[in-house]
Ligand SMILES: *Cc1c(COP(=O)(O)O)cnc(C)c1O
């Protein structure tokens with residue numbers, strides 16, 4: 001917390017709007033639109049809820065496919081399944097770790113040839129880095145495919161000088177406790193088209209039709225953000241730039257202390273933007289060295305929490321049988337293929353697409369998962385805290401370099 005929140009919460013209490021509606025909700029939406037440069041926004045109780053509304057606003061439903069970054073958190077795609085759609089997962093680009101526009105172009109050409117274009121593309125801004133939206137839009141626009149930018153991890157980052165999310169047809173943000181700013185739990189849906197937001201606002205309030213009595217002609221949700229939490233959001237939004245600067249300073253400190261280690265690299269910053277470094281993410285080249293898991297366990301012994309990189313969606317048991325379009329580090333494409341449907345239970349969206357033999361090489365997202373480790377990156381960390389983490393990482397890597 002910044003210290004500004006308590007005053008805004010007191011203000012919210014004084015207004016007696018202790019409900020998922022009120023002046024703080026309005027103020028938060030207004031301040032947010034100014035911050036991200038999109039004219040319309042809807043405050044909701046989670047980023048996942050915002051994604052659900054975004055997909056529904058685009059008309060995603062049973063029988064549709066949604067193309068989505070494979071290297072992401074489950075909430076980027078789980079709402080599409082709630083709507084009855086089937087995902088197709090797209091690999092990451094090694095230079096940004098985000099959705100690879102070249103692989104996406106391949107996947108969309110293949111889908112166009114089959115006459116089965118996706119209803120939407122979910123492009124995820126990963127770990128504070130924006131995806132290459134101009135290239136993604138250049139692929140999608142000619143086919144009229146709308147793009148949802150999942151900017152949950154990238155508030156505070158910029159893409160070609162504009163805030164994360166601004167290029168998407170719809171943008172999704174999160175204020176969960178682990179995000180760069182937080183309302184403990186919360187989210188925002190933003191768009192240029194006011195109809196998307198008006199319709200989403202209607203669904204988020206139980207789809208109550210305009211009438212004196214309670215009238216319903218569609219199914220809705222209880223998705224609005226509490227006025228009390230919106231008060232926190234207003235205060236947190238004021239320190240967004242400060243928080244992004246603090247995140248980048250934490251990254252710089254890690255980089256200056258660990259960047260010289262032969263097996264270590266970090267998520268590259270794409271040339272087109274400014275990464276918020278929501279998390280500092282390290283890559284360990286494992287040629288005989290320590291694994292990310294070994295480092296994670298060594299940190300845990302010191303009561304320091306680190307996390308592995310998102311496990312790609314196409315490797316998740318629940319997505320066995322779902323098509324994945326990937327590329328290896330050598331640039332070989334894997335056409336839409338499916339894993340053996342017998343590999344795990346609960347598979348969704350069996351595809352009739354061609355099955356291509358598994359390459360020996362991991363795809364880009366698979367390699368990032370295998371070698372990556374997210375280091376503690378909370379903005380409350382002191383320089384000494386970062387140094388403590390670095391000392392453990394260095395000790396483990398040097399021990400392995402000496403052959404244990
Ligand atoms: C956190 C996150 C979400 C979901 O946000 P919640 O507010 O936790 O529901 C969606 N997508 C990504 C990429 C996230 O990191």
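The table below lists the values:
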{"quantity": "Residue match in the range 26-48 (condition: within 14 Å of the chain's Cα centre (by Cα), over 29 Å from residue 268 (Cβ atoms) and without any contact (Cβ under 8 Å) to a residue 40 or more places away in the chain)", "calculated": "no"}
{"quantity": "Test: residue in the range 133-143 that is under 18 Å from residue 88 (Cα atoms) and within 16 Å of the ligand (Cβ to nearest atom)", "calculated": "yes"}
{"quantity": "Criterion (in contact (Cβ under 8 Å) with a residue 40 or more places away in the chain and away from the ligand (no atom under 14 Å from the Cβ)) met by exactly one of 228, 180, 219", "calculated": "228"}
{"quantity": "Of all residues making up the range 183-203, the number that are within 14 Å of the ligand (Cβ to nearest atom), within 15 Å of residue 222 (Cα to Cα) and over 15 Å from the mean Cα position of the chain (by Cα)", "calculated": "1"}
{"quantity": "Qualifying position, being crowded, with 24+ Cβ neighbours inside 10 Å and either more than 13 Å from the ligand (Cβ to nearest atom) or farther than 22 Å from residue 266 by Cα (or both), among 173, 127", "calculated": "173"}
{"quantity": "Inter-residue pairs, beta-carbon under 9 Å, first not assigned by TED's automatic domain parsing to the domain that holds residue 156 and in the range 112-127, second assigned to a helix (DSSP H, G or I), 6+ apart", "calculated": "none"}
{"quantity": "Hits in the range 286-313 - residues which are assigned to a helix (DSSP H, G or I), free of Cβ contacts under 8 Å to residues at least 24 places away in the same chain and in contact with a strand residue (DSSP E or B) (Cβ under 8 Å, 6 or more places away or on another chain)", "calculated": "293"}
{"quantity": "The range 72-91 residues that are over 13 Å from residue 314 (Cβ atoms), paired with ones that are more than 14 Å from the ligand (Cβ to nearest atom) and part of a helix (DSSP H, G or I) (beta carbon under 9 Å, 6 or more apart)", "calculated": "79/56; 81/318; 83/56"}
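The values are calculated or read from the model by the stated rules, or taken from the named source; none is laboratory data. What you see is a predicted model, and the numbers here were worked out from it, not measured in a lab. With ideal geometry, Cβ positions are generated from the backbone for all residues, glycine too; neighbour counts draw on all protein chains shown.
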